[in-house]
Amino acid sequence: MQLIHLLCPREQTFPLEQSFKDQFLGQDAFGVVDVGFVEKQPVGFVVLMAKEQFDEEFLAQLHADPDVTGYSTFSLTDDDAFLYPFGCELVTG
């Protein structure tokens, strides 16, 4: 599983979330798992999930998007469990 935590201007947070939900509609392999605002900074965030991984084309899309001010990728192995949100377990195996 791969996660992307991306940053954006606050006013673009929910429109960006919706654009990814629309893009991933009908695709079980991808999803939006969280959205919100960064404390002490005037930015928002969107967390995306891929059951396998995001391809280079998708990462290039993020890199080119002027509303995405930065992003980080995180990979989890099949043995990892991701507790999200509030202790709900999302198991990758």
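Across region 51-56, rounded Karplus estimates of 3J(HN,Hα) from the backbone phi angles (6.51 cos²θ - 1.76 cosθ + 1.60, θ = phi - 60°) give 4, 10, 7, 7, 7, 4 Hz, Gly and Pro being marked x. The gain in end-to-end length when the Thr73 to His5 segment is fully stretched comes to 23.8 nm, 0.36 nm per residue minus the alpha carbon separation.
Every read-out reported here was derived from the displayed coordinates using simple, explicitly stated rules and does not represent laboratory data. Computed from a prediction, not measured in an experiment: that's the story for all the values here.
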